[in-house]
Amino acid sequence: MRISTNQIQLSMLDNLQHGFGEYARLDRQISSNKRILQPSDDPVGSVRLLGLKKEQVAMEQYQKNIANAKSQLSQGEIQLESMTNMLMRLRELAQTAANGSLSEDDRRAVAAEAAIIKDGLFDLANARNESGSSLFTGSKVDQTALVKVTDPADPDFGSYKYQGDSLVREVSIANGVTVGLNQTADKLFIDNGDFFKQLDSMVAAMESGAPDAADQARSMLDRSKVLQDDISQMVSSIGARMNLLDQVDEGHAEKGVYSKEVSNQIESLDYASAVTQQAHVLMALQVQQQAFAKVNGLSLFNYMP
């Protein structure tokens with residue numbers, strides 16, 4: 001079987017094109033310092049890289065969720081701790097008033113300070129975060145947590161109503177793991193008796209010197225103790241969730257470092273080896289080009305006497 005000069009030229013041209021492609025591929029790898037630039041460079045490695053990248057994206061989102069959860073829980077914790085401090089002073093005042101031996105001026109002073117504390121506690125119960133969302137209304141973050149019924153025609157006149165719901169907003173912090181972000185004001189101020197209505201009544205009794213003022217103060221001691229315990233439980237719950245967030249966040253950080261190390265191992269380039277290989281490819285191309293030039297120059301006239 002005869003092989004024509006044209007066939008030899010086509011074969012050599014194909015080899016040259018392949019060599020140029022290989023040289024260009026190595027050049028791209030060297031410039032990017034990455035071994036895998038497209039799936040065909042390493043199909044198995046590419047699949048592993050894709051899985052690792054998805055895992056890294058998921059962990060980054062989890063870490064963002066954790067940071068947001070910590071912020072929201074911390075804001076709630078600050079409000080609850082402020083409530084605790086106010087309640088401690090309120091209980092001191094109620095204890096003083098419960099003795100029933102105060103002068104009129106002292107009684108009015110107790111009433112005035114208790115009223116100020118009541119306003120402070122009410123503001124804390126209706127606290128909002130920096131974006132304007134209520135902290136203690138469940139999922140109804142646009143609502144004010146507690147409002148006073150001021151319409152005399154309303155059967156609940158003088159009472160306080162909770163405008164949120166009982167839902168706990170949750171966020172995913174790991175695969176199959178969620179954490180609650182909020183507490184609700186009804187569990188503190190409504191469920192065990194209308195705290196603010198009772199406090200309003202005690203303040204009014206102290207201001208007017210009502211005969212049952214001391215009894216109301218003693219009742220407030222009991223109710224404020226329940227409230228204090230409920231707040232303490234909420235703060236403990238927040239602390240437990242914060243600890244969980246810290247542990248999970250630390251796990252994500254460690255896993256993220258390992259995942260990125262594995263990714264780098266899969267896609268990183270052996271620079272020295274690639275440079276050496278590129279030099280070999282270039283040398284082969286030069287030899288092929290010289291051979292191609294000679295083949296192209298072949299002619300019977302070169303052999304004629």
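The values are calculated or read from the model by the stated rules, or taken from the named source; none is laboratory data. Only a predicted model underlies this, so the values are computations on that prediction, with no experimental measurement involved. With ideal geometry, Cβ positions are generated from the backbone for all residues, glycine too; neighbour counts draw on all protein chains shown. Protein only, heavy atoms only, side chains kept; ligands, DNA and RNA dropped before computing areas. Shrake-Rupley method; radii C 1.70, N 1.55, O 1.52, S 1.80 Å.
Can Val147 be described as touching a residue at least 12 places away in the same chain (Cβ under 8 Å) and assigned to a strand (DSSP E or B)?
Here the answer is yes, as Val147 does meet what is asked.
Please enumerate the residues belonging to the range 148-184 that are open to solvent by less than 50 Å² (accessible area, probe 1.4 Å) and in contact with a Ser or Thr (Cβ under 7 Å, 6 or more places away or on another chain).
Val149, Gly164, Asp165, Val171, Ser172, Thr184, listed by residue number.
Restricting to the range 169-199, name every residue that is within 17 Å of Tyr62 (Cβ to Cβ) and of a type in the set (Val, Ile, Thr). Full working, then the answer.
Of the residues in the range 169-199, the ones within 17 Å of Tyr62 (Cβ to Cβ) are 169-181.
Scanning the range 169-199 gives Val171, Ile173, Val177, Thr178, Val179.
Checking the conditions here, which among Asn6, Asn65, Asn15, Asn85 is modelled with pLDDT of 95 or more and either outside any helix (DSSP H, G or I) or open to solvent by 60 Å² or more (accessible area, probe 1.4 Å) (or both)?
Answer to the selection: Asn85.
When the range 202-231 is examined, which residues are found to be surrounded by 14 or more Cβ atoms within 10 Å (Cβ to Cβ) and either of a type in the set (D, E, K, R) or over 16 Å from Thr96 (Cβ atoms) (or both)? Give the steps one after another, and end with the answer.
Taking the range 202-231 first, the residues surrounded by 14 or more Cβ atoms within 10 Å (Cβ to Cβ) are 202-207, 210, 213-221, 223-224, 226-228, 230-231.
Across the range 202-231, the qualifying residues are Ala204, Glu207, Ala210, Asp215, Arg218, Arg223, Val226, Leu227, Gln228, Asp230, Ile231.
Would you confirm whether any residue within the range 88-104 is of a type in the set (Ser, Thr, Tyr), part of a helix (DSSP H, G or I), on the phi < 0 side of the Ramachandran plot and open to solvent by less than 50 Å² (accessible area, probe 1.4 Å)?
There is no residue in the range 88-104 that is of a type in the set (Ser, Thr, Tyr), part of a helix (DSSP H, G or I), on the phi < 0 side of the Ramachandran plot and open to solvent by less than 50 Å² (accessible area, probe 1.4 Å).
Looking at the range 241-270, which of the residues that are modelled with pLDDT under 80 and not aliphatic (A, V, I, L, M) is surrounded by the most Cβ atoms within 10 Å (Cβ to Cβ)? Lay out the reasoning, then the answer.
Going residue by residue through the range 241-270, those that are modelled with pLDDT under 80 are 263-270.
Checking which are not aliphatic (A, V, I, L, M) leaves us with 263-265, 267-268, 270.
Numbers: Ser263: 18, Asn264: 11, Gln265: 10, Glu267: 20, Ser268: 12, Asp270: 11.
So, considering only residues that are modelled with pLDDT under 80 and not aliphatic (A, V, I, L, M), the one surrounded by the most Cβ atoms within 10 Å (Cβ to Cβ) is Glu267.
Residues checked against (1) under 18 Å from Lys187 (Cα atoms); (2) more than 24 Å from the chain's Cα centre (by Cα):
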{"residue": "Glu104", "(1), (2)": "no, yes"}
{"residue": "Ile116", "(1), (2)": "no, yes"}
{"residue": "Phe122", "(1), (2)": "yes, yes"}
{"residue": "Lys140", "(1), (2)": "yes, no"}
{"residue": "Ala145", "(1), (2)": "yes, yes"}
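For the subset of the range 127-140 comprising residues that are touching a residue at least 24 places away in the same chain (Cβ under 8 Å) and in a loop (DSSP other than H, G, I, E, B), which member is surrounded by the most Cβ atoms within 10 Å (Cβ to Cβ)?
Phe136
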